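Notes follow the structure.
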Amino acid sequence: MTGIVIMGVAGCGKSSVGAQLAERFGYLFIEGDDHHDQSSIDKMSSGHSLTDADREPWLQRVGEQISGCADPVIVSCSALKRAYRDVIRLSAGRQVLFLHLSAPQSVIADRLQQRTNHFMPPALLTSQFQTLEPLDGDEPGAVIDITQPLEQSINDAGKIVEQYFR
């Protein structure tokens, strides 16, 4: 079966879109943030960006979550760099579709200011945009404009999933 990664910078709506898309299709939803180790959470909470070395075990765990599911699964994960997506694909050992939730930094910054009870501080958003690498042409995936209403973003993502898997 297949894995779908809802990707993008902090505050773009990965969890909201992923959970609702999973519900729509009857797929399992996995919150990627739940698989960070405590030291990474502490580091981000204190306003420090994660390094590639910090992220690699987490990305492997995300891929392993996909691998461990017999049915289609949707996972929220920033997956900001091609190398990060490659780790996920390798660890998953199966086909992975990446749906990149995209909006200008100012839109995401406004959303982050309204978010509460999350370990990722708004101050790290700039570093995430600096790290972000768009999907390459050979990577299965698509970009979803999230400046539109949430329901429209979910509908757009759903159309891509249907085209890709059915």
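Considering only residues of segment 82-129 that are part of a loop (DSSP other than H, G, I, E, B) and modelled with pLDDT of 75 or more, which is surrounded by the fewest Cβ atoms within 10 Å (Cβ to Cβ)?
Pro104
Here is a check on your reading of the model: is Met1 at pLDDT 95 or above, touching a strand residue (DSSP E or B) at 6+ places or on another chain (Cβ under 9 Å) and either closer than 21 Å to Gln130 by Cα or not small (Gly, Ala, Ser) (or both)?
For Met1, the condition - at pLDDT 95 or above, touching a strand residue (DSSP E or B) at 6+ places or on another chain (Cβ under 9 Å) and either closer than 21 Å to Gln130 by Cα or not small (Gly, Ala, Ser) (or both) - is not met.
What residue, of Ser67, Ser76, is within 21 Å of Phe29 (Cβ to Cβ) and touching an Asp or Glu at 6+ places or on another chain (Cβ under 7 Å)?
Ser76
List, please: which pairs have Cβ atoms under 6 Å, are six or more places apart or on different chains, and start with a residue in segment 63-84 that is closer than 20 Å to Cys12 by Cβ and touching a residue at least 40 places away in the same chain (Cβ under 8 Å) and end with one that is hydroxyl-bearing (Ser, Thr, Tyr) and in a helix (DSSP H, G or I)?
Ser76/Ser15; Leu80/Thr131
Could you check segment 5-19 and list, in sequence order, the residues that are in contact with a Phe, Trp or Tyr (Cβ under 9 Å, 6 or more places away or on another chain) and at pLDDT 95 or above?
Matches in segment 5-19: Val5, Ile6, Met7, Gly18, Ala19.
The values are calculated or read from the model by the stated rules, or taken from the named source; none is laboratory data. Computed from a prediction, not measured in an experiment: that's the story for all the values here. Note: ideal-geometry Cβ built from the backbone for every residue, glycine included; neighbour counts use all protein chains shown.
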